[in-house]
Amino acid sequence: RIALGATAAAIALFAVAPESAPLAWAALAAAFAQAARLVRWRGGATGAEPLVTILHIGYAFIPLGLALLGLSILTSAVPQTAALHAFGAGAIGTMILAVMTRATLGHTGRTLHADRMTIALYAAIVLAALARLAAAFLPGMTMTLLTLSGALWCGGFLGFAIVYGRYLTRPRG
């Protein structure tokens, strides 16, 4: 509850005072609380089941985004866009792909198991998010990293359409 409350406070402050010191400290507190929450879930123990591991990886972008948000207010070394991309490309993008793969398998009567191709799709999306974050910190490589990020992002979701599209257009397995 502490993690959720701290995060709600940071979101509320972001809505009314997006560059304020109170937001910076609230975001850092929320980042710490969300990271502690994630650690308690013991994500390291999920390595044998990538369908669960990817949810933990996607969730990890939330405390990262909160930390980047807080730091972006306290120091010019961290651009606020990094936080926004941690939330958008990292947390949301990764979680969407994770849920799409699991839901497709489950709702089409297939075994809830991530094969090598699914793991490759996950890797593409996570690497796309990391490349997008890196672009915010490496101005000399921005275009290269943005291109890489875009290619990985498109590859991950196009790969989903190709691999999982057949499950969605054929009778249940």
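Listed values, structure above:
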{"item": "Choice from Arg37, Arg102, Arg110 showing the highest fluctuation, given a GNM over the chain with Cα pairs closer than 10 Å", "result": "Arg110"}
{"item": "C-alpha long axis of helix 50-74 to longest principal axis of the chain, angle in °", "result": "20 degrees"}
{"item": "The chain: most fluctuating residue of Ile62, Ile11, Ile54 per GNM, C-alpha cutoff 10 Å", "result": "Ile11"}
{"item": "Choice from Thr144, Thr111, Thr81 showing the highest fluctuation, given a GNM over the chain with Cα pairs closer than 10 Å", "result": "Thr111"}
{"item": "Which label in (i) 124, 29, 26; (ii) 55, 41, 28; (iii) 93, 26, 23 gives the computed Cα extents along the principal axes in Å", "result": "(ii)"}
{"item": "Principal-axis tilt of helix 93-107 within the chain, Cα atoms, nearest 10 degrees", "result": "30 degrees"}
{"item": "Centroid-to-centroid separation of region 63-104 and region 11-26 [C-alpha atoms, Å]", "result": "17 Å"}
{"item": "Leading residue at positive end of dipole, the chain (Cβ point charges), from Leu71, Leu145, Met95", "result": "Met95"}
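Readers should treat all values here as calculations from the given coordinates under stated rules, not as data from a laboratory. Keep in mind that what you see is a predicted model, and the values were worked out from it rather than measured. All Cβ positions, glycine included, derive from the backbone under ideal geometry; neighbour counts span all protein chains shown.
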